[in-house]
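The values are calculated or read from the model by the stated rules, or taken from the named source; none is laboratory data. Predicted model, so just to flag it, every value in this text is computed and none were measured. We place every Cβ from the backbone using ideal geometry, glycine too, and count neighbours over all the protein chains shown.
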Amino acid sequence: MSVPEKSQYRYIGAKRRAKEHPRFVSGRGRFVADIALPGMKHVALVASPHAAARIVSIDAKAALAAPGVLCVLTGEEFCANTDSLAIGVDAPKVTRFALANGVVRYAGEWVAAVVADSRALAEDAAERVEVEYQPLPHVIDLEKALAPGAPLVHPAHGSNLLYQRKFVWGPVEEAFASAEHRIAFRAVWGRSATVPIETFGVAAQWDAGTGILDIWASIQMPKFPDQTARALRLPGNAVRVHHDVDVGGSYGVKRGIKHTVLVGYLAKKLGVPVRLIEDRLENLRGGDMQGPDRFFDMQLAFEGDGTIRAMKIRAVDDVGAYAGRSPFQLGKPVTAICGPYAIHAVEYEPTSVMTNKTPQEAVRGFGQSPTNFAIERAIDRVARHLGMDRLELRRKNFIRKDQFPYTIPSGSTYDSGDYHAVLDKTLAAIDYASLLRARDEARSAGRLAGIGISSCLEPSGGNSAFEVLMNPKNENTTWMDSCLVRVDLSGAITGVINNSSAGQGHESLVSTVLGEILERDPEAIRVVRADSLTALPSNSPVGSRMAIMLGGAAAGAAKAIKETLIAIAAHNFECPPEDLEYRDGGVSLKGAPEKKLLWDQLVEIAHRKFHKLPAGIEPGLQAKFVWEVPTGGALPTPEGRIQIYPCYAFEAHLVLIEIDPDTGKPAIRKYACGHDCGVMINPDIVHGMTFGGIAHGIGAALYEKFSYTEDGQLAAGTFMDYLIPSAMEVPAMAIVDHCTPSPLTTFGQKGSGEAGYLGAPAAIANAINDALEPLGAAIDALPMSHLAIWNAIDSSRKKAA
Amino acid sequence: MSETLHAVSVEVNGRSRSAQVPARLSLLDWLREELRLTGTHVGCEHGICGACSVMLDGDPVRACLMYAVQASGHRVTTVEGLARPDGSMSVLQDSFCETHGLQCGYCTPGMLIAAQALLNANPDPTEAQIRDAIGGNLCRCTGYQQIVEAVQLAAERTRAK
C-alpha cells in the first residue's frame with residue numbers, strides 16, 4: 001500500500017493548533033470542580049479501615065448534630081433504593097453498590113456519605129460517624145485467593161474465581177510436542193493505573209418540576225447515562241449528563257459510576273444540588289481506578305532457527321473486591337494475542353480473581369500493555385535461549401507486509417502494517433550502532449547498561465466484542481459513534497459531538513475533518529457537545545476509537561452536507577449532479593467555472609428559498625451520520641474466535657538505560673519510538689499522546705505500584721508513595737513516524753490514544769534485563785523499582801562471591 | 001463549631017482583595033471557591049503534583065500548602081494573571097498552544113506558573129534547567145516533551161524581541 005502524499009489532504013496531517021488550548025492556557029477550562037450550582041452541598045465519605053469486616057452498627061447521631069450537616073446516608077437505605085452497578089461477566093451475585101451494606105470488602109470502601117454545607121464541614125462530621133466493625137478474614141494475594149479454604153470476598157458467589165476459560169486456537173500441543181526448544185517463565189505486571197492529576201468528581205441536581213436529574217461529571221465511559229439511570233431506577237430520559245465538562249485526564253479510569261449514582265441519589269433525596277470531588281486519598285484508595293494486577297505464565301515452543309511455533313499464556317488477574325468491567329481487560333488482548341508475530345497456534349487462559357483490594361478499572365490499553373510486556377519478555381528470553389540477536393528474532397517472526405490483511409489464530413484480522421520498515425526506520429533514527437557503542441562503553445567503564453527493544457501492536461477502533469466473548473449472556477455487538485453537522489443561516493459550521501473529552505482534542509479532530517471534506521477553514525468551525533438527552537449515540541472515547549469512529553462519523557455527516565449542496569446546485573442549474581464540481585464550499589459546472597453557486601448562496605437556498613430547493617431535500621442544512629465500528633458486529637465462534645478491533649497500529653521502542661550499581665537507580669539515556677498509526681489527522685496530537693503514553697509506561701515499568709500491606713491496607717495512598725514520573729525521570733524522546741494507511745477507515749487513519757504505553761513497559765523491562773545480563777541476573781516483575789533492581793544486583797554478586 | 005474569622009488582604013493579579021476567612025482555609029480554596037479564580041487547580045492537596053501552583057511575590061508556591069491567612073500582605077499571581085494587559089495570551093501561553101504543550105489542560109496552569117517564574121529569573125534556560133523548574137509539576141498527558149519545547153520556544157521568542 002502506498003504512503004499517501006501530504007498534498008492529498010488540505011488540512012489532515014498538517015500542523016494545526018488544537019482548538020481546545022486557548023481556554024486551558026488562560027485558566028478558562030470548565031472542569032467539574034469549577035461548576036458552582038446555587039445552594040450546592042458537599043459530600044465527604046466514611047471509609048472502611050478494614051479489608052474485610054461485618055458492619056455491626058453505624059451511629060450517625062453526633063455527625064448529624066454537627067454544624068451544617070444535612071444528611072448521613074448509609075448502605076442500608078441506599079442499597080434498598082438503587083440497583084447494583086453493571087456486572088460485566090456472568091456473575092450475578094457479585095453485586096456492587098457505592099455504599100457497603102452490612103459488609104465491607106476492602107479497606108477504603110465507602111460506608112457512609114455525609115452531606116454538608118461545605119466540604120470542610122462534611123469532613124468534620126464524617127469523623128463523628130461511629131461505625132462498629134467485626135473484622136473478617138481477608139485475602140490479598142491472588143494465588144492464595146484461589147486456594148481451597150480461602151476467605152471468600154463474595155460468599156454468595158461461592159468462589160473467588162470470577163472468570164476462567166482456556167482458549168486453544170490452532171495446533172498448540174502438536175507444536176509443543178514437535179518443536180526443538182521450549183521455555184517457560186512467569187512475568188508479573190504490578191498494580192498501577194494512569195492516575196490523572198484531576199481526581200474524579202461529579203455534581204448532580206434534581207429538578208422536581210421537570211423530573212430530570214442533571215449530571216456534570218469528569219467522565220470517560222461508554223453507556224454512562226444509561227447505567228446511571230438504571231442504577232437509580234429512573235427512565236433513561238430522566239438523566240441528563242452534560243458533556244461540556246472538561247475532563248482533567250483519564251486514560252481509561254474516569255468511570256465514576258458509583259460516585260454518580262450516589263450523588264444522583266443524594267441530590268434527588270435532598271432536593272438540593274450535591275457534589276462529590278474525591279480528594280487524593282479517596283481517589284487512590286476508594287476511587288476504584290486501580291489497573292491490571294496480573295501474572296502471566298508463559299510457555300513458548302520454537303525452532304533452533306528462531307521460528308516461534310506456539311505460545312501458551314495463562315494470565316491470572318486480581319480485579320480486587322468487585323467485578324465491573326475489569327475482567328474484560330483480560331479479553332481485549334485476544335485481539336492481538338500473538339503480537340506482531342506470525343505465531344500460528346496460541347493457547348490463552350484468562351483467569352479473573354477477586355481479592356480484598358480496591359476494585360480494578362479500565363486503564364489505557366485495557367489490558368493490552370501487560371500482555372505486550374509478557375510477550376516481549378518472552379521474545380527476549382527466546383533470543384537469549386538461542387543466543388540469537390533480538391532484532392533478528394523479531395524480524396524473522398514478524399508478519400510481513402505482503403501478508404496483510406492477516407488473520408491471527410484468535411480470529412482477528414490485522415488490517416495493514418509494515419513492521420520490518422518501522423523497526424528499521426527506528427534503528428536508523430536512534431543510530432543503533434552508536435547505541436550499542438554507548439552501552440558497551442558504559443559496561444567497560446564498570447557501569448550497568450542495557451538496550452531494550454519492544455515491538456507490539458496497538459489495537460484501535462474500540463469495538464468491545466470482548467464483552468460477548470467473555471459473557472455468553474451478552475449479545476451487544478453494536479459500538480457505534482455519531483456526529484451531527486449543522487450549517488446555520490450565516491453559513492457557519494457547527495459539529496455536534498456526543499461525549500466529553502479528556503485531552504484527546506476531539507474539537508480539533510472534528511473541525512479538521514469537517515474542514516477537509518467541506519473545504520472550509522477549520523479555524524471557523526465550532527464543535528459543541530450535546531448532552532445525553534440531545535445526543536446521538538456514542539460509545540465515548542475508549543479503545544483508541546475516536547480518530548476512527550468520531551473522525552469517520554464527522555466525515556460521513558460532512559459528505560452528506562456536501563451532497564445536499566451539490567443537489568441544490570444541480571436543481572438550480574437543471575443539470576445532473578455528475579456535471580458539477582464542489583470546491584471551497586461552492587458548486588460550479590464542470591468546464592464552465594463561471595457558472596457557480598457560492599457557499600453563502602447555497603446555504604441561503606437551503607434555509608430560506610424553498611422555491612429553489614429540490615424535492616426530497618429537507619430544508620435547513622444539517623446532516624447526521626451514525627456508524628458501526630468497521631468489521632464489527634459478529635458474535636464469537638464456539639472456539640472463541642472473534643474480530644474485536646478493526647485497526648492495528650504498530651510501535652517499535654528502543655531504549656538505552658544505565659543503572660547505578662550501588663543504588664539500583666536506573667536512568668534512561670536514550671529513547672526512540674517508531675510508530676505507524678496510518679494517516680495522522682493531527683501529528684502534534686498523535687505525538688503528544690505517544691510521549692504521554694511512554695511516560696505512563698515508564699511509571700508502570702519503574703515506579704508506580706498500589707502496594708498493599710499484609711493486613712490489606714493500601715500502602716500507596718499519597719504521591720509520596722505512589723510515584724508518578726516527573727520531567728526529571730521522563731527523558732527527551734524521539735518519535736519516528738511511518739504511515740501504512742488502514743484500508744478500513746475514511747482517511748486511512750488508525751487509533752493512537754494508547755500509543756507509547758503499549759510498548760514502553762516492555763522495552764524498559766527488556767533494557768533492565770539486558771543491563772543485568774552480564775551479572776547473570778534477571779527480573780520479570782514490574783515495577784522494577786530501585787530496590788528490586790538493587791536486590792537483583794546484590795543477590796547475583798553474593799552468588800558470584 | 002463556629003469558626004473564628006481572620007482578616008486577609010492580598011493583591012491578587014494586581015487587584016487588592018480583602019476578606020474574612022477561617023484560619024484553616026487554604027489559599028487554594030480561597031482563590032477557587034471564594035474569588036472564583038478556578039484556573040488554579042486542585043491535584044493532590046499534599047504538595048506533590050503542583051497543579052495548584054501560584055506565584056507569591058513572584059516565586060512559585062503550592063496554594064494547597066498555604067493558608068489564605070498566610071498570604072495576607074503578599075502579591076499572588078494565578079494563571080488568570082498571566083495574560084497581557086489587553087487580555088491576549090502571553091508569549092508563554094501562546095507557546096504552549098504552538099507546541100501542543102498540553103492535552104487535558106489540568107496541570108497546565110501550574111506548569112505555566114512554574115515556567116513563567118523560571119523565565120522571569122532566567123531568560124535563557126537550558127533544557128536541564130527547564131526540566132528542573134517544572135520537576136515539581138506532574139503531568140500525565142504529555143510526557144513533558146512538548147512542555148519543554150514550549151518553554152524553549154517562549155524563551156527564544158522573548159529573547160528575539
### Query
Mind checking which pairs have a first residue in segment B:141-161 that is under 17 Å from residue A:25 (Cα atoms) and a second that is at pLDDT 95 or above and basic (Lys, Arg), Cβ under 7 Å, 6 or more apart or different chains?
B:148/B:131
### Selection within segment A:43-91 - polar (S, T, N, Q), closer than 21 Å to residue A:107 by Cβ and either touching a residue at least 40 places away in the same chain (Cβ under 8 Å) or not assigned by TED's automatic domain parsing to the domain that holds residue A:214 (or both)
A:48, A:57
### Message
Quick check on this structure: which one of A:196, A:137 is surrounded by fewer than 20 Cβ atoms within 10 Å (Cβ to Cβ) and in a loop (DSSP other than H, G, I, E, B)?
### Response
A:137
### Message
Checking residue A:97 against (1) among the aromatic types (Phe, Trp, Tyr); (2) over 30 Å from residue A:707 (Cα atoms); (3) part of a loop (DSSP other than H, G, I, E, B): exactly one of these is not met. Which one?
### Response
(2)
### Message
Taking the conditions exactly as written (in contact (Cβ under 8 Å) with a residue 12 or more places away in the chain, more than 11 Å from chain A (Cβ to nearest Cβ) and assigned to a helix (DSSP H, G or I)), does residue B:119 satisfy them or not?
### Response
yes
#### Entry: Residue check, residue B:136 outside the structural domain of residue B:11 (by TED's automatic domain parsing) and touching a His at 6+ places or on another chain (Cβ under 8 Å)
no
### Message
Residues that are away from every other protein chain (no Cβ under 14 Å) and either in contact (Cβ under 8 Å) with a residue 40 or more places away in the chain or buried (at least 16 other Cβ atoms within 10 Å of the Cβ) (or both): does segment A:25-42 have at least one?
### Response
yes
#### Entry: Lone unmet requirement of (1) closer than 20 Å to residue B:44 by Cα; (2) at the interface with chain A (Cβ under 7 Å from one of its Cβ atoms); (3) crowded, with 24+ Cβ neighbours inside 10 Å for residue B:110
(2)
### Query
Has segment A:51-69 got any residue that is away from every other protein chain (no Cβ under 11 Å), crowded, with 23+ Cβ neighbours inside 10 Å and in a loop (DSSP other than H, G, I, E, B)?
yes
### Query
Using beta carbons and a limit of 7 Å, which pairs, at least six apart or on different chains, have the first residue in segment B:23-36 and under 11 Å from residue B:64 (Cβ atoms) and modelled with pLDDT of 95 or more and the second one of a type in the set (Ser, Thr, Tyr) and surrounded by 13 or more Cβ atoms within 10 Å (Cβ to Cβ)?
B:26/B:67; B:27/B:67; B:28/B:40; B:31/B:40; B:31/B:78; B:32/B:38; B:32/B:40
#### Entry: residue A:778, sole failed condition from (1) away from chain B (no Cβ under 14 Å); (2) in contact (Cβ under 8 Å) with a residue 24 or more places away in the chain; (3) more than 30 Å from residue A:47 (Cβ to Cβ)
(2)
### Message
Take residue B:113 and tell me if it is under 13 Å from residue B:50 (Cβ atoms), assigned to a helix (DSSP H, G or I) and not small (Gly, Ala, Ser).
### Response
yes
### Query
In the list A:779, A:789, which residue meets the criterion of being in the same structural domain as residue A:679 (by TED's automatic domain parsing), at negative phi, assigned to a loop (DSSP other than H, G, I, E, B) and modelled with pLDDT of 95 or more?
A:779
### Task
Go through (1) aromatic (Phe, Trp, Tyr); (2) under 21 Å from residue A:282 (Cα atoms); (3) under 26 Å from the mean Cα position of the chain (by Cα); (4) part of a helix (DSSP H, G or I) one by one and return the number of the condition residue A:106 breaks.
(4)
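Conditions tested, residue by residue: (1) closer than 30 Å to residue A:235 by Cα; (2) among the charged types (D, E, K, R).
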residue: A:484; (1), (2): yes, no
residue: A:495; (1), (2): yes, no
residue: A:502; (1), (2): yes, no
residue: A:510; (1), (2): no, no
residue: A:516; (1), (2): no, yes
residue: A:567; (1), (2): no, no
residue: A:586; (1), (2): no, no
residue: A:589; (1), (2): no, no
residue: A:596; (1), (2): no, yes
### Query
Can you find a residue in segment A:8-17 that is of a type in the set (Phe, Trp, Tyr), farther than 30 Å from residue A:356 by Cα and either within 14 Å of chain B (Cβ to nearest Cβ) or surrounded by fewer than 20 Cβ atoms within 10 Å (Cβ to Cβ) (or both)?
yes
### Query
Can you name the residue in segment B:74-91 that is surrounded by 24 or more Cβ atoms within 10 Å (Cβ to Cβ) and either of a type in the set (A, V, I, L, M, F, W, C) or outside any loop (DSSP other than H, G, I, E, B) (or both) and is also nearest to the other protein chains (Cβ to nearest Cβ) among such residues?
B:79
### Query
For segment A:563-598, which residues satisfy the criterion of being of a type in the set (Gly, Ala, Ser), assigned to a strand (DSSP E or B) and over 28 Å from residue A:625 (Cα atoms)?
A:592
### Task
Name the single residue, out of those in segment A:156-199 being under 27 Å from the mean Cα position of the chain (by Cα) and among the aromatic types (Phe, Trp, Tyr), that is farthest from residue A:142 (Cα to Cα).
A:169
### Filter result for the condition that a residue is at pLDDT 95 or above, over 30 Å from residue A:720 (Cβ atoms), within 14 Å of another protein chain (Cβ to nearest Cβ) and buried (at least 19 other Cβ atoms within 10 Å of the Cβ), over A:216, A:206
A:216
### Task
Taking residue A:770 as meeting all but one of (1) away from chain B (no Cβ under 14 Å); (2) assigned to a loop (DSSP other than H, G, I, E, B), write down the number of the exception.
(2)
### Of residues in segment B:122-140 being without any contact (Cβ under 8 Å) to a residue 12 or more places away in the chain and more than 10 Å from chain A (Cβ to nearest Cβ), the one surrounded by the most Cβ atoms within 10 Å (Cβ to Cβ)
B:129
### Summary
If you go through A:743, A:761, the only one that is surrounded by fewer than 24 Cβ atoms within 10 Å (Cβ to Cβ) and either assigned by TED's automatic domain parsing to the domain that holds residue A:384 or assigned to a loop (DSSP other than H, G, I, E, B) (or both) is A:743
